[in-house]
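S.K.: I have a structure here, written as structure tokens, and I will follow up with some questions on it.
The values are calculated or read from the model by the stated rules, or taken from the named source; none is laboratory data. Quick caveat: nothing in here was measured; it's all calculated off a predicted structure. A quick note on method: Cβ atoms are made from the backbone with ideal geometry, for glycine too, and the neighbour counts reach across all protein chains shown.
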């Protein structure tokens with residue numbers, strides 16, 4: 001099971017301060033209570049146009065985990081209090097995600113410094129035609145640019161059907177770049193696809209060993 005979430009800094013903070021607190025504090029706190037099978041933060045480095053979020057977070061769980069049950073009671077209170085320290089909670093936008101590998105090797109643990117160009121895409125009309133267009137475009141980009149390590153796509157289902165909490169696109173096409181690699185330029189999506197934002201991120205991933213070390217749900 002996988003979900004994704006856009007998170008934003010408080011207006012009185014900076015992107016670097018947000019990242020520092022997330023990596024040294026909040027991500028470790030969340031790992032104490034949630035049995036993540038994989039936990040990845042994609043921190044925004046640049047975007048066109050400018051986006052109102054600072055990270056695209058990915059949460060992976062084994063099948064059968066009662067996420068709502070974990071995220072309740074005292075745990076919800078603890079995480080809510082910590083979010084207020086560095087996040088603008090009004091801009092939290094989660095979605096379920098279906099990830100598909102279009103090209104390259106399957107995902108492993110991303111080395112520190114890995115860069116990822118994340119294209120936020122939307123479509124109108126037929127969902128099957130939209131998926132076919134996005135998948136074909138991703139495969140074409142992989143064939144045309146051999147420096148890409150892999151190409152993946154997440155099809156998103158927003159948890160909020162409308163309003164401020166709605167996830168703002170239907171798919172995120174990820175072009176995985178070498179460490180410190182520069183983003184591809186001049187990208188033009190197919191006619192059936194609208195590119196809402198082109199976001200360059202740096203990947204921070206918790207290792208399985210760290211997730212196992214931190215997980216201690218009975219500690220408050």
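S.K.: State all residues of the range 39-58 that are within 23 Å of residue 78 (Cα to Cα) and either in contact with a helix residue (DSSP H, G or I) (Cβ under 8 Å, 6 or more places away or on another chain) or modelled with pLDDT under 95 (or both); if no residue qualifies, say none.
M.R.: To start, the set of residues in the range 39-58 that are within 23 Å of residue 78 (Cα to Cα) comprises 39-41, 53-58.
39, 41, 53, 54, 55, listed by residue number.
S.K.: Under 16 Å from the mean Cα position of the chain (by Cα) and either free of Cβ contacts under 8 Å to residues at least 24 places away in the same chain or within 16 Å of residue 94 (Cα to Cα) (or both): does that describe residue 45?
M.R.: In short, no.
S.K.: For the range 81-90, check the following and say yes or no: at least one residue is without any contact (Cβ under 8 Å) to a residue 40 or more places away in the chain, closer than 21 Å to residue 214 by Cβ, over 17 Å from the mean Cα position of the chain (by Cα) and assigned to a helix (DSSP H, G or I).
M.R.: Among the residues of the range 81-90, at least one is without any contact (Cβ under 8 Å) to a residue 40 or more places away in the chain, closer than 21 Å to residue 214 by Cβ, over 17 Å from the mean Cα position of the chain (by Cα) and assigned to a helix (DSSP H, G or I), which makes the answer yes.
S.K.: Exactly one of (1) in contact (Cβ under 8 Å) with a residue 60 or more places away in the chain; (2) surrounded by fewer than 17 Cβ atoms within 10 Å (Cβ to Cβ); (3) not in a helix (DSSP H, G or I) is unmet by residue 23. Its number?
M.R.: It fails just one condition, (3).
S.K.: Test residue 3 against the criterion of being surrounded by fewer than 20 Cβ atoms within 10 Å (Cβ to Cβ), part of a strand (DSSP E or B) and in contact with a strand residue (DSSP E or B) (Cβ under 7 Å, 6 or more places away or on another chain), and give yes or no.
M.R.: Numbers: surrounded by fewer than 20 Cβ atoms within 10 Å (Cβ to Cβ): yes; part of a strand (DSSP E or B): yes; in contact with a strand residue (DSSP E or B) (Cβ under 7 Å, 6 or more places away or on another chain): yes.
Yes: the conditions hold for residue 3.
S.K.: Being part of a strand (DSSP E or B) and surrounded by fewer than 18 Cβ atoms within 10 Å (Cβ to Cβ) is the filter here; which residues of the range 104-122 pass it?
M.R.: Answer for the range 104-122, where residues must be part of a strand (DSSP E or B) and surrounded by fewer than 18 Cβ atoms within 10 Å (Cβ to Cβ): 104, 122.
S.K.: Quick one: how many residues across the range 176-209 are buried (at least 16 other Cβ atoms within 10 Å of the Cβ), closer than 26 Å to residue 20 by Cβ and modelled with pLDDT of 95 or more?
M.R.: 13
S.K.: Go through the range 64-79 and give me each residue that's touching a helix residue (DSSP H, G or I) at 6+ places or on another chain (Cβ under 8 Å), part of a helix (DSSP H, G or I) and without any contact (Cβ under 8 Å) to a residue 60 or more places away in the chain.
M.R.: 79, the sole residue that qualifies.
S.K.: Filtering the range 80-103 down to residues that are in contact with a helix residue (DSSP H, G or I) (Cβ under 9 Å, 6 or more places away or on another chain) and within 25 Å of residue 190 (Cβ to Cβ), which residue is surrounded by the fewest Cβ atoms within 10 Å (Cβ to Cβ)?
M.R.: Filtering first and then ranking leaves 100.
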